Structures are given as C-alpha cells and as structure tokens.
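Undergrad: Please find one structure pasted underneath; my questions will follow.
The values are calculated or read from the model by the stated rules, or taken from the named source; none is laboratory data. Since we're looking at a predicted model, the values are computed, not measured. Because the Cβ atoms are built from the backbone with ideal geometry, glycine has one as well, and the counts that use them run over all protein chains shown.
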Amino acid sequence: MLKHLDPLLNADVLHALRAMGHGDEIVICDANFPADSVARATVLGKLLRMDGADAARAVRAVLSVLPLDTFVEAPAMRMEVVGDAQAMPIVQREAQAEVDRAEERSVPFAPIERHAFYARARKAYCVIATGETRGYGCFIFAKGVLLAPDAPLASSDARPAERGK
C-alpha cells in the first residue's frame, strides 16, 4: 500500500496513467463492453482491469490522480443509451457525481452514440475494464495538465517583448 493512493490503482493502471500525455484518452468500461478486443487496438495494446469495482468507484480512483483536459469542450464522455440519447442511467449519474467531485466543478458528460463510442475507444491510450454489471457504465476521459502556480495559461498571456525569449 502507498499513502494517499487509491488501492484500486494497481501498478499497470498507474503506469498507463503516468505514461499518458495531455489530450490522451482513457476508457473506463463496464463488464458488458468488448474491452479486450477494443483494448488491443489502443496505444497501450492490452486490457487493464479493476475487477470488483463498479464504474463510479473506478472513475473516482482514476480521477484521484488524473486531471481532466481544460482545453477541450468535452473532457468527459459517456456512451449514449441506444434509442434514447438524452437518458442518463443511474450508473452514469453516479459517475457524473464522481467527475464533479474530483474536478470541484460541474463537468457534464458529453454523450457519444454507441458505435461512435467503440470507434473512439479504439483510438484511446488504454481501456480499463471494471466489474460494473449495469449497462452503459462506459466512459472516456481526456487527460489534462497540471500547471505550476506561476505558469501562464497560454503563450499569448506573455507580453510581446517576452514571447521570443
């Protein structure tokens, strides 16, 4: 055990999260998702697991160390319910609460149609399969950056005379 580190974050998951760069995406999926076949197409090329954890618990663990991207419109995405794109099942509402808690602000999930979700998941950095048995416990998160307290938000924040230095 490590201090202040969620015990669900095993060595393989921690390695993947650390190796990801700004803008890389991670999939957290339920037990119904074709996780192994999708994971083989990802950057990492193998499936990571958090067996026994439900989707919200896995989201909490990952977001305890992974900042969400603040430079994109939708850093948190969810699989749409087939036939009802606006529906948000309990499993997704639970995960939404974990996202908002981790980010200390509201970061609404952007819905993604099921087949588009699969296609995007194949381009992700990695896939983490959970023990979630409820359907639609499938999410994609874009990794952000940690800024030093005195770091400018963008190069345009610097005065013109300082930009070339």
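Undergrad: Of the conditions (1) in contact (Cβ under 8 Å) with a residue 40 or more places away in the chain; (2) surrounded by 18 or more Cβ atoms within 10 Å (Cβ to Cβ), H22 satisfies every one except a single condition; which number is it?
TA: Against the list (1) in contact (Cβ under 8 Å) with a residue 40 or more places away in the chain; (2) surrounded by 18 or more Cβ atoms within 10 Å (Cβ to Cβ), H22 comes up short only on (2).
Undergrad: Go over the candidates A31, A87 one by one and state the one that is in contact (Cβ under 8 Å) with a residue 12 or more places away in the chain and either under 24 Å from H115 (Cα atoms) or within 14 Å of the chain's Cα centre (by Cα) (or both).
TA: Working: A87 fails: in contact (Cβ under 8 Å) with a residue 12 or more places away in the chain.
After ruling out the rest, the residue left standing is A31.
Undergrad: Within the bounds of region 97-113, is there any residue that is β-branched (V, I, T), surrounded by 13 or more Cβ atoms within 10 Å (Cβ to Cβ), in a loop (DSSP other than H, G, I, E, B) and modelled with pLDDT of 95 or more? Let's see the steps before the verdict.
TA: Going residue by residue through region 97-113, those that are β-branched (V, I, T) are 99, 107, 112.
From what is left, the residues that are surrounded by 13 or more Cβ atoms within 10 Å (Cβ to Cβ) are 99, 107, 112.
Retained after the next criterion (residues that are in a loop (DSSP other than H, G, I, E, B)): 107.
Applying the additional criterion that residues be modelled with pLDDT of 95 or more yields 107.
Checked against the condition, which is being β-branched (V, I, T), surrounded by 13 or more Cβ atoms within 10 Å (Cβ to Cβ), in a loop (DSSP other than H, G, I, E, B) and modelled with pLDDT of 95 or more, region 97-113 yields at least one hit.
Undergrad: Kindly evaluate A39 against the criterion of being assigned to a helix (DSSP H, G or I) and in contact with a Gly (Cβ under 9 Å, 6 or more places away or on another chain). Explain how you work it out, then say what you get.
TA: Numbers: assigned to a helix (DSSP H, G or I): yes; in contact with a Gly (Cβ under 9 Å, 6 or more places away or on another chain): yes.
Judged against the criteria, A39 is a match.
Undergrad: Among the residues of region 114-145, count how many are in a helix (DSSP H, G or I), basic (K, R) and touching a residue at least 60 places away in the same chain (Cβ under 8 Å). Steps first, please.
TA: First pass over region 114-145, keeping only residues in a helix (DSSP H, G or I): 114-122.
Imposing the further condition that a residue be basic (K, R) reduces the set to 114, 120, 122.
Still in the list and also touching a residue at least 60 places away in the same chain (Cβ under 8 Å): 120, 122.
Of the residues in that region, 2 qualify.
Undergrad: Taking R78, is it within 15 Å of the chain's Cα centre (by Cα) and part of a helix (DSSP H, G or I)?
TA: Values: within 15 Å of the chain's Cα centre (by Cα): yes; part of a helix (DSSP H, G or I): no.
In short, no.
Undergrad: Right, another one. Does region 47-71 hold any residues that are assigned to a strand (DSSP E or B) and not basic (K, R), and which are they? Show your work before the answer.
TA: Keep residues of region 47-71 that are assigned to a strand (DSSP E or B), which gives 47-50, 68.
Hits for region 47-71 are L47, L48, M50, L68.
Undergrad: Looking at the structure I just gave you, is A39 in contact with a helix residue (DSSP H, G or I) (Cβ under 9 Å, 6 or more places away or on another chain) and under 20 Å from H22 (Cα atoms)?
TA: Details: in contact with a helix residue (DSSP H, G or I) (Cβ under 9 Å, 6 or more places away or on another chain): yes; under 20 Å from H22 (Cα atoms): yes.
Answer is yes for this residue.
Undergrad: Would it be correct to say that V43 is closer than 30 Å to L2 by Cβ, of a type in the set (V, I, T) and surrounded by fewer than 18 Cβ atoms within 10 Å (Cβ to Cβ)? If you could, list the steps in order and put the result at the bottom.
TA: Details: closer than 30 Å to L2 by Cβ: yes; of a type in the set (V, I, T): yes; surrounded by fewer than 18 Cβ atoms within 10 Å (Cβ to Cβ): yes.
So V43 passes the test.
Undergrad: Moving to a separate point now. Would you mind finding the one in L9, L44, L5 that is modelled with pLDDT under 95 and part of a loop (DSSP other than H, G, I, E, B)?
TA: Exactly one residue qualifies, and that residue is L5.
Undergrad: Are there any pairs with C-beta distances below 7 angstrom linking a residue in region 52-69 that is closer than 18 Å to A19 by Cβ to a residue that is among the acidic types (D, E) and assigned to a loop (DSSP other than H, G, I, E, B), with the two at least 6 apart or on different chains, and if so which?
TA: A61/D6; S64/D6
Undergrad: Continuing with the same structure: Out of region 118-147, which residues are buried (at least 21 other Cβ atoms within 10 Å of the Cβ) and either modelled with pLDDT under 95 or under 17 Å from V91 (Cα atoms) (or both)?
TA: Looking only at region 118-147, we keep the residues that are buried (at least 21 other Cβ atoms within 10 Å of the Cβ), and these are 121, 124, 126-130, 132, 136-142.
Within region 118-147, I128, A129, T130, E132, Y136, G137, C138, F139, I140, F141 meet the criteria.
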